[in-house]
Each structure stands twice: as structure tokens, then as C-alpha cells.
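K.L.:
Here's a structure for you.
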Amino acid sequence: MRLFCTILVLTLCFSKIEGQNATVSERIICSKIVKDAELYAGTLHRIDSFPSKNIKPRPVDIWLPEDYSKEKKYAVLYMHDGQNLFDSTTTWNKQEWKVDEWATKLMRDNKVRDFIVVGVHNIPQIRWQDLFPQKALENINPKIKDSLFDVAKKNNFNVEFNGDNYLKFMVDELKKVIDNVFSTHQDRENTFVAGSSMGGLMSMYAISEYPGVFGGAACLSTHWVGGMPMENNPYPEAIFEYMEANLPKAEHHKLYFDYGNKTLDQHYPKFAPRVDAILRDKGYTDKDFKNLFFEGTDHSENSWNQRFDQPLIFLLGIE
């Protein structure tokens, strides 16, 4: 892979550590243009190991549209599972979201505002722990939670959830860098988050925990079951109770959910009425909320890439 390096000297402000005053640290981050990425259009930049005091460092991709210019300002779409978004030749299942295809076509047709995409790569071994909406665990009966965790530990499964720190990374570290380096609109009305499955849950969690930062969230094939499907599953109710208490009320936000009914998505349709009820109680209408069903679609990038234009137009559409 031929990589060309642009040195970005960035100032990152870190919060108090062990009772000491906040410090300012200059970090040098090497952003590489991925020259051999198979893209429809635009350019892909990669930070191979984004430094963080909140989560395990990992790659972050930044996709810029074909006409990117410092003379313009761009909205920003933050996405999870960044390694699956742009180039199917490098993914584990040879599928991709086709984010660059849809973004390019919609911008060319003036159907959406100008935007860039920031893709945070997952680390497979800790993806669930990073993307689970952590505070929802507080809604599970302690005895039941302890029982679940005991079983997990006996199977050598990590139960150290890190969703709150993952969001701190996105908001306090990553967003500051993106806004410093690229020509972006920095306000809530131009900052969005999107993902699928556990990434759908985390997108919901992001807009709930940081309603002043994110103006919209796209949650495709949201994994309402929380973990592996099982009988007497306590995770869905815990998640819905969290949403009832914390999801922002309607007025300043847009929320997009969807689901299919094949493979893992077969477990989701039964939760749609509950999701609808929560959003309606929050004051959302068809103007700022969608929960769409796609008959016959499964839990894969090849399903999500067939409909990704819909959340893009819904969140970033030109009115």
C-alpha cells in the first residue's frame, strides 16, 4: 500500500487526571492518504492509531468528497465500524456500506448538503463492550446482571463495558481534531452519527448522552436484543427504559431507525412498536423520526448499502 503522510500538529486538551490540573499536550498524528483504496470517488485519509486516553487506540478513516475545498464548510457524519464503510476488497466479508458511492451521488444531485465522513474502526475483540449503551445496564436487576456476568466470565468473556469512554473519545478527542484539521461546520445542526447493529445502539446512545453535540442519528438494524438472542432477555427492556429517560425530546434532533427480518434482523420487528411509542411520547413526528421496515433484508452490509441513501437524505437533505 502506497501511503503519503501529512503531519498534523494538533493541540488536544485533556481533562483532569488523578486530581491534577488539566494539561495541554501536543500530539503529532500522521494522516495517510490511502492511495490504493478502491473508491467510487473522493479521497480516503487514515490515522493508523488515533491516540486516546479513553479507549484503546485504533485506526480512524476520514473520507473527503471529490471537490473538497478549504474554501467551503462541511457537515460531518461520524460512523462506527469504519473499516467496513468504503472498500469491500479489504473487509472481512468482502462487503461494504458504499458510503462514498451514496455520498457522492447525493451531493452531485444536490439532494444533501456537503459533508465528510469520519469512520472509527472497531476492534473485534472489544466491539460489544465499546458499543453497548453502558448506562442502560443500570436498569437491569442487580441479581440478574450478576448472573449474566458470572456466566460470561466463566466463558472467559470480558464484561468491562466502555461505551461511556468510547463517547468521550468521539466528542472530547476525535471531534476536536476533525474540527481543527478539516473545514467543518462545528455546530449540532451539522454533526451526525450513524451505525448498524451495535453501532445503531451506540448512535442512539451518542445523541442521548450528547444532545448538544449531535443533531441527528441513523441507527440501521439496531441490535435491540443487546447481545446474543436468548429467552428472558433483560437487555431490550433495559435499553428502552434508558431511552424513555434520556433520549432527547423532539425539536432539535432527527432520529432514523430501520430493520429487516432475515438472519439476525429477524429478532427486531417485534420491538418496532415499542420504539415508535417511545419516540411519539417524546414528541417526534414523521418530520423528524423514521422507523422503517425493509422486507426480506438481512443483517449485512449488502442490505445496508441498498438503503443507505434514505438516512443520508433524511438527516442531511437539503430542504
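The values are calculated or read from the model by the stated rules, or taken from the named source; none is laboratory data. The model shown is predicted, which means the values in this text are computed figures rather than measured ones. Every residue, glycine among them, receives a Cβ derived from its backbone with ideal geometry; neighbour counts consider all protein chains shown. Heavy atoms of the whole protein, side chains included, go into the accessibility calculation; ligands, DNA and RNA do not. Shrake-Rupley method; radii C 1.70, N 1.55, O 1.52, S 1.80 Å.
K.L.:
Filter region 190-214 for residues that are closer than 16 Å to residue 117 by Cα and either assigned to a helix (DSSP H, G or I) or among the basic types (Lys, Arg) (or both) and give the result.
P.N.:
Listed by number, the residues that qualify are 190, 199, 203.
K.L.:
Could I ask something else about it? Residues that are within 27 Å of residue 53 (Cα to Cα), open to solvent by less than 50 Å² (accessible area, probe 1.4 Å) and among the basic types (Lys, Arg): does region 181-189 have at least one?
P.N.:
As a first pass, look at region 181-189 and keep what is within 27 Å of residue 53 (Cα to Cα): 181-188.
When the remaining residues are screened for being open to solvent by less than 50 Å² (accessible area, probe 1.4 Å), the result is 181-184.
Now restrict to residues that are among the basic types (Lys, Arg): none.
No, the conditions are met nowhere in region 181-189.
K.L.:
Same structure, new question: Starting from residues that are in contact with a Leu (Cβ under 7 Å, 6 or more places away or on another chain) and aliphatic (A, V, I, L, M), keep the ones in region 190-203 and report whichever is farthest from residue 126 (Cα to Cα).
P.N.:
Of everything passing the filter in region 190-203, 194 is farthest from residue 126 (Cα to Cα).
K.L.:
Within region 142-155, does at least one residue satisfy the condition of being surrounded by 21 or more Cβ atoms within 10 Å (Cβ to Cβ) and small (Gly, Ala, Ser)? Please lay out each step first, then the result.
P.N.:
Residues of region 142-155 surrounded by 21 or more Cβ atoms within 10 Å (Cβ to Cβ): none.
No, the conditions are met nowhere in region 142-155.
K.L.:
Regarding residue 73, is this residue basic (Lys, Arg) and without any contact (Cβ under 8 Å) to a residue 40 or more places away in the chain? Outline the logic, then answer.
P.N.:
Working: basic (Lys, Arg): yes; without any contact (Cβ under 8 Å) to a residue 40 or more places away in the chain: no.
Here the answer is no, as residue 73 does not meet what is asked.
K.L.:
Can I ask one more? Please specify each residue of region 81-133 satisfying the condition of being in contact (Cβ under 8 Å) with a residue 12 or more places away in the chain and on the phi > 0 side of the Ramachandran plot.
P.N.:
81, 98, 110
K.L.:
Okay, next question. Is there any pair linking a residue in region 41-66 that is closer than 15 Å to residue 166 by Cβ to one that is at pLDDT 95 or above and of a type in the set (S, T, N, Q), with Cβ under 6 Å and at least six apart or on different chains, and which?
P.N.:
The qualifying pairs are 54/165; 55/165.
K.L.:
Quick check, is residue 228 surrounded by 14 or more Cβ atoms within 10 Å (Cβ to Cβ) and of a type outside the set (S, T, N, Q)? I'd like the intermediate steps shown before the answer.
P.N.:
Values: surrounded by 14 or more Cβ atoms within 10 Å (Cβ to Cβ): no; of a type outside the set (S, T, N, Q): yes.
The answer is no for residue 228.
So that you can scan it fast, the table gives a plain yes or no per residue for (1) within 14 Å of residue 116 (Cβ to Cβ); (2) of a type outside the set (Lys, Arg); (3) crowded, with 20+ Cβ neighbours inside 10 Å; (4) touching a Pro at 6+ places or on another chain (Cβ under 6 Å):
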{"site": "38", "(1), (2), (3), (4)": "no, yes, no, no"}
{"site": "41", "(1), (2), (3), (4)": "yes, yes, no, no"}
{"site": "49", "(1), (2), (3), (4)": "no, yes, no, yes"}
{"site": "53", "(1), (2), (3), (4)": "no, no, no, no"}
{"site": "56", "(1), (2), (3), (4)": "no, no, no, no"}
{"site": "59", "(1), (2), (3), (4)": "no, yes, no, no"}
{"site": "72", "(1), (2), (3), (4)": "yes, no, no, no"}
{"site": "76", "(1), (2), (3), (4)": "yes, yes, yes, no"}
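K.L.:
Let me ask something else about it. Do any residues in region 244-272 that are of a type in the set (Lys, Arg) have Cβ atoms under 6 Å from those of residues that are open to solvent by less than 20 Å² (accessible area, probe 1.4 Å), where the two are at least six apart or on different chains, and which pairs are they?
P.N.:
Short answer, once both residue conditions are applied: 254/216; 254/315.
K.L.:
Residues in region 246-256: is at least one open to solvent by 20 Å² or more (accessible area, probe 1.4 Å) and touching a helix residue (DSSP H, G or I) at 6+ places or on another chain (Cβ under 6 Å)?
P.N.:
Just the residues of region 246-256 that are open to solvent by 20 Å² or more (accessible area, probe 1.4 Å), to begin with: 246, 249-252, 254.
Subset that is touching a helix residue (DSSP H, G or I) at 6+ places or on another chain (Cβ under 6 Å): 246, 254.
Yes, because at least one residue in region 246-256 is open to solvent by 20 Å² or more (accessible area, probe 1.4 Å) and touching a helix residue (DSSP H, G or I) at 6+ places or on another chain (Cβ under 6 Å).
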